[in-house]
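The structure appears below as structure tokens.
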Amino acid sequence: MRMIWGSLMGVMAMAVVACTAGTGASTGNMGDLPEDEPAEGGISEVPNPTPAMAKASGTSLETLQRGHVTYMLKCGECHAYMLPKDLFEDEWEDAVPEMISHAGLQSADEQAVLAYVLAVKKSG
């Protein structure tokens, strides 16, 4: 037990050092980025599907939810999240099939992710 606790404390200490080792200007608030680093999308900028979103897009809520889950769990594994609002529809239509294929996901995931990001664009 003592050995496990010691290892855990060592990992936690390294995490604290890694989190505080930034070199850019920051206000010191948790989650701040140095001024020279661009902000990237966070969860608050990626809305959950709603019945209103489904109705406006003409896509089932279930499909939008599948797209949202796939987007949240898979898209950030290889690269920074691209926010739905930041790309034009044709850019999403070109990128999603390639990324889904690269990630080894099913075509149903491709359709759901594309439906989700396009529904987000339409909703706001």
Flag if Ala103 is more than 14 Å from the chain's Cα centre (by Cα), closer than 19 Å to Lys122 by Cα, at pLDDT 85 or above and among the small types (Gly, Ala, Ser):
no
Condition test on Lys85, is it among the basic types (Lys, Arg), over 14 Å from the mean Cα position of the chain (by Cα) and surrounded by fewer than 16 Cβ atoms within 10 Å (Cβ to Cβ)?
no
Which residue is modelled with the lowest pLDDT, if the candidates are limited to the range 45-60 and must be part of a helix (DSSP H, G or I) and surrounded by fewer than 16 Cβ atoms within 10 Å (Cβ to Cβ)?
Glu45
In the range 105-116, anything touching a residue at least 24 places away in the same chain (Cβ under 8 Å), more than 15 Å from Pro51 (Cα to Cα) and part of a helix (DSSP H, G or I) is listed as Ala108, Asp109, Gln111, Ala112, Val113, Leu114
Would you point out the residue of the range 63-82, among those that are in contact with a helix residue (DSSP H, G or I) (Cβ under 9 Å, 6 or more places away or on another chain) and either outside the structural domain of Ala108 (by TED's automatic domain parsing) or not in a helix (DSSP H, G or I) (or both), that is surrounded by the most Cβ atoms within 10 Å (Cβ to Cβ)?
Met82
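The values are calculated or read from the model by the stated rules, or taken from the named source; none is laboratory data. Being a predicted model, the structure only gives us computed values, none of them experimental. Heads up, the Cβs are rebuilt from the backbone with ideal geometry, glycines too, and the neighbour counts pull from every protein chain shown.
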